[in-house]
Each structure stands twice: as C-alpha cells, then as structure tokens.
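Okay, so here's the structure we're looking at.
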Amino acid sequence: MAKSLLRKFKADMHIHSCLSPCGDWDMSPKRIIKKSREVGLDLIAICDHNTVENAGVVMREGEKQGVRVLPGMEVCSKEEVHILALFEDMAQALEMQSFVYANLSGENNPEVFGCQVVANENDEVLAENPRLLIGATRLGLHDIVEETHNLGGLSICCHVDRPAYGVINQLGFIPADLALDGVEVSRHIKLADAQRKISGIEKFSCITTSDAHFLDDIGKVWTVFQMAAPTLEEIRKSLLQQGGRRILV
Ligand SMILES: [Zn+2]
Ligand SMILES: [Zn+2]
C-alpha cells in the first residue's frame, strides 16, 4: 500500500469498563464511547482485568458512533505482572477469556474490591460477574504471551514504569525470551523520560495509554499510530515499523 494512504489514528489501547472492580460505575459502554469521541480518539481497546465480557457491547456502541474498538484484556500473571492481550475480534478474545477463567480462582467481594458490572447497550446492568477478576491467574507470563499469539493477538507488558504489577518492578527485568510485541508506559511519566530512564525497554516499541478507570482519565494520554486502518494487523505493523507504519510520539 502506498505511503500516501497511511493516516494518523489517535488511540488509547488500555481503557477499563465498569466490569473491572476498580473501574468506576460511570465507565459504561455509551459513556466510554461518548468521552472517547469528545477527546478525539479514533481507536480504543477495552481491557478489563482478566475478562472481556464488556468488550463486545462497547465495540457495538463504538461502531454506531464512529470510534473503532478492539477487544482486549489486562491479564494478571502468577508473577503478579499485568500484561495486555489485544485482539481483532471477539471470537479470539472469548477464547482467551476461557483460557484465563480456567486459571483464575476465587470469588469477588464487591464491598472490598468493588462491583463488576456486565452492561448492556443501554448502559443498564445485565449481570454482575462473581469471579475474583482482580486476582492473579495461575498463568506464567510466558504462557500468557504464547496463548495470546496462538490466538492471533498482541502482547504488551503494562505500565513498565510503575511499582505495582509492572514487570520490571516485579521481576527486576524483562525476561529475554519473552516474545513481547511492545511495552506500555503509563501516563505518570513522559514517554521520552521513560525510554531514557528505564533500562531494558529500549529494544521494544512503546505505547502510552491512559489505563483509564474513570471517564475523565480517557484521553489524558494517547498513542498516535501512522497506519492504513484501525486494525490489529496494522497496529502490529506499526509496532514493527513495517511499510511506513509507525508510532508517532
Ligand atoms: Zn495494571
Ligand atoms: Zn489497567
């Protein structure tokens, strides 16, 4: 494809919904999309903790309103490291969810951790998820990356600059044989500062995301992809800097 057909997509690839126990009640499908439009996002990913049960409804709302939504999940590994699994479609995402649910124990206590609301397209409560979604799975980081790749997804280590649930703080380093597609830097540090200060991330493509748990966090930071279309395959090429695709800082 000619380079002239590439365009810029403003993206936030890590947004929680009201299904995450720590996600605000206001993080409902319609409100997430409305806010995403207001801040000019072309592309978002819904990444709740260890689940994708709200991704489909946000995708459908996004389709109505012109915001492309990809399904994703923030998986917690047995090493207590958070890692994003991003997919193109719900079939892949639901397979990942089955894999994660089979390796996740415990029941949520809403009074301690918060409610886990599965929403419908009218922003109503469809159900509450009873699982301990905030918990760590029995899956090692390598297992998570492997399964994500088997299903056609992308693996990105979350908030590598943060003390809590970041790979570098938990393990001291990024394992050399971990086949990551990229790393994520949080909104608490400028990307250029992170790349200068955090040793071990220089060989990875970096994205910045809001990791929003509240509506007002959506759009506080973002990543601009120069690519042909808002698809997972184009994001993959941007991370690999193929065919003119790239991440613009
Ligand atoms: Zn996290
Ligand atoms: Zn998160």
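Do we have any residue at all in segment 24-34 that's outside any strand (DSSP E or B) and under 18 Å from GLY152 (Cα atoms)? So far as segment 24-34 goes, no, none of its residues is outside any strand (DSSP E or B) and under 18 Å from GLY152 (Cα atoms). The residues listed here are PHE113, PHE173; of these, the one that is aromatic (Phe, Trp, Tyr) and touching a residue at least 40 places away in the same chain (Cβ under 8 Å) is PHE113. In segment 19-36, the qualifying residues are those that are away from ligand 1 (no atom under 16 Å from the Cβ) and charged (D, E, K, R), and the one that is least open to solvent (accessible area, probe 1.4 Å) is LYS35. Selection over segment 160-188 of residues that are among the aliphatic types (A, V, I, L, M), open to solvent by 30 Å² or more (accessible area, probe 1.4 Å) and away from ligand 2 (no atom under 16 Å from the Cβ) gives a count of 4.
Of the set (1) farther than 17 Å from CYS22 by Cβ; (2) out of contact with any Lys or Arg (no Cβ under 6 Å at 6 or more places or on another chain); (3) open to solvent by 40 Å² or more (accessible area, probe 1.4 Å), all apply to VAL145 but (3).
State whether the residues of segment 115-132 include one that is open to solvent by 50 Å² or more (accessible area, probe 1.4 Å), within 20 Å of GLU79 (Cα to Cα) and at pLDDT 95 or above. Within segment 115-132, one or more residues are open to solvent by 50 Å² or more (accessible area, probe 1.4 Å), within 20 Å of GLU79 (Cα to Cα) and at pLDDT 95 or above.
Which count do you get for residues in segment 172-213 that are among the β-branched types (Val, Ile, Thr), outside any loop (DSSP other than H, G, I, E, B) and farther than 20 Å from GLY152 by Cα? Working first, answer last.
First pass over segment 172-213, keeping only residues among the β-branched types (Val, Ile, Thr): 174, 183, 185, 189, 198, 201, 207-209.
Going one step further and asking which of them are outside any loop (DSSP other than H, G, I, E, B), we end up with 183, 185, 207-208.
Checking the rest, the ones that are also farther than 20 Å from GLY152 by Cα come to 185, 208.
Final tally of qualifying residues: 2.
Taking first residues from segment 224-249 that are touching a residue at least 24 places away in the same chain (Cβ under 8 Å) and assigned to a loop (DSSP other than H, G, I, E, B) and partners that are basic (Lys, Arg) and exposed (fewer than 15 other Cβ atoms within 10 Å of the Cβ), the Cβ contacts under 7 Å between residues at least 6 apart in sequence or on separate chains come to GLY244/LYS3. Could you list all residues from segment 69-104 that are open to solvent by 40 Å² or more (accessible area, probe 1.4 Å) and either at pLDDT below 95 or farther than 24 Å from ALA11 by Cβ (or both)? Of everything in segment 69-104, those that are open to solvent by 40 Å² or more (accessible area, probe 1.4 Å) and either at pLDDT below 95 or farther than 24 Å from ALA11 by Cβ (or both) turn out to be LYS78, GLU79, GLU80, SER98, PHE99, ALA102.
The values are calculated or read from the model by the stated rules, or taken from the named source; none is laboratory data. Everything quoted here is computed from the prediction, not taken from an experiment. With ideal geometry, Cβ positions are generated from the backbone for all residues, glycine too; neighbour counts draw on all protein chains shown. Accessible surface areas use protein heavy atoms only, side chains included; no ligands, DNA or RNA. Shrake-Rupley method; radii C 1.70, N 1.55, O 1.52, S 1.80 Å.
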